[in-house]
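Step one of this worksheet: look at the structure below.
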Amino acid sequence: MTTQRLGPPFLALIIGLLSGTLAYIINMPLPWMLGSMIGVTIVAMAGAPIKAPNRLRPIVIPIIGVMLGSGMTAEIFGQLGQWAGTLIVLPFVLTAAGVVSYTVYRRIGGYDPTTAFYSSMPGGLNEMLLMGGAAGGDERRIALAHAARVLLIIFLVAMVFGLLFGVQTGAGGGNWTSLTAPTVQDYALLIGCAVIGVPLARAARFPAPGLFGPMILSGLVHTLGWTYVSPPSLFIITAQIVVGTIIGCRFLGATLREVGKDLVLAALVTIIALLATGLFAFITAAIIGMSEAQAFLAFAPGGVTEMSLMTLAIGEDVAFVSIAHLIRITLVIAIAPILFRAFMRISGLAPTKDLD
């Protein structure tokens, strides 16, 4: 790899590291991810010659998956019956969020129907971008809508939870794990979960296989008692810096003057979605007897990795929140094309492109 090709991603990582360090010094919630995300976003929108270190993503996401799985226990899985009742509410949360978001993008923003539809779906950025582009939507606006949604939700949720719960670190929920804590056998098991989990999840057609595969295998080996340690905190911090840097780089080429309207719309949609999420979470928590924080993180339409890290940091059940987001992403990806066709027929509109 030439120095020229290495330079922009490396510069982005340096900015992410410095921003994360500053966030850690000032006691910002989830400093390594949130700090790097904010710092790189600012620099990206200022036109700095940086580039997302996407080649590192397949390496660091499984590390986070293994770490999340290390928080699972047999007692947590014993609550599956309780979760089933709670997760029934999830489709209603998704529907409400989608309808409100579409209305904002279509009526206030003036987006075309296809762009408004795929911008409003509370699912994965990559999947909605591919589907929306194939249907003839404006890919830049769809990408910006989802990137802004994830960034704003992470920022707002992290700041609120930092004030309410004192969340300040995201490396293993505040417990430091040294490089020498795992034995050779522990390292073999943890690395095995990361390496084997991804292709298994991909074969099973799980969304976000890089996260869920290692997380499920890690949860299994920890539940069985084969190991009781999580990945060293240094690896987790590095992974969060990379994730935050990649999120920030999504705003490359987006200036406030050019996309100010789109960002304002995304902020409006995000605030409404969070308010609706809070209402559903409060009602669900009261009925089921679950903590409001856990229900909120399970329903919040933010990044699954980031919401799971927040859950771990405040000491709630990572398994429940992760499974809720797995169901959310799966539902949205599976039904979005079907709903889009039905919506266009009912509205008497023709898709910009033929999806078949």
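The values are calculated or read from the model by the stated rules, or taken from the named source; none is laboratory data. Just so it is clear, the structure is predicted and the values come from calculations on it, not from any experiment. When we count neighbours, we look across all protein chains shown, and the Cβ atoms used for this are built from the backbone with ideal geometry, even at glycine.
Here THR305 meets the list (1) closer than 20 Å to VAL100 by Cα; (2) buried (at least 22 other Cβ atoms within 10 Å of the Cβ); (3) at pLDDT below 80; (4) of a type in the set (S, T, N, Q) almost entirely, failing just condition (1). Among the residues here, GLY315 qualifies as touching a Gly at 6+ places or on another chain (Cβ under 8 Å) and part of a loop (DSSP other than H, G, I, E, B). So which residues in the stretch 278-317 are farther than 15 Å from VAL243 by Cβ and small (Gly, Ala, Ser), if there are any at all? Those that are farther than 15 Å from VAL243 by Cβ and small (Gly, Ala, Ser): GLY278, ALA281, ALA285, ALA286, GLY289, SER291, ALA293, ALA295, ALA298, ALA300, GLY315. The residue of the stretch 92-149 that is surrounded by the most Cβ atoms within 10 Å (Cβ to Cβ), among those that are more than 16 Å from ALA267 (Cβ to Cβ), without any contact (Cβ under 8 Å) to a residue 40 or more places away in the chain and hydroxyl-bearing (Ser, Thr, Tyr), is THR115.
The residue pairs whose first member lies in the stretch 279-299 and is without any contact (Cβ under 8 Å) to a residue 24 or more places away in the chain, whose second member is outside any helix (DSSP H, G or I) and not aliphatic (A, V, I, L, M), and whose beta carbons are closer than 8 Å, counting only pairs six or more residues apart or on different chains, are ALA285/SER291. Of all the criteria given as (1) part of a helix (DSSP H, G or I); (2) at pLDDT below 90, the one not satisfied by MET28 is (1).
Out of curiosity, is THR95 of a type in the set (Ser, Thr, Tyr), modelled with pLDDT under 80 and more than 20 Å from ILE246 (Cβ to Cβ)? Show your work before the answer.
Numbers: of a type in the set (Ser, Thr, Tyr): yes; modelled with pLDDT under 80: no; more than 20 Å from ILE246 (Cβ to Cβ): yes.
No.
Of all residues in the stretch 315-332, those that are at positive phi have Cβ atoms under 9 Å from Cβ atoms of residues that are among the aromatic types (Phe, Trp, Tyr), 6 or more apart or on another chain, in GLY315/PHE165.
Of the listed requirements (1) in a helix (DSSP H, G or I); (2) buried (at least 20 other Cβ atoms within 10 Å of the Cβ), ILE335 misses just one: (2). Filtering the stretch 17-68 to residues that are polar (S, T, N, Q) and surrounded by fewer than 24 Cβ atoms within 10 Å (Cβ to Cβ) leaves THR21, ASN27, ASN54. Checking every residue in the stretch 45-66 against the condition of being assigned to a helix (DSSP H, G or I), within 30 Å of ARG257 (Cβ to Cβ) and in contact with a Gly (Cβ under 7 Å, 6 or more places away or on another chain) gives zero matches.
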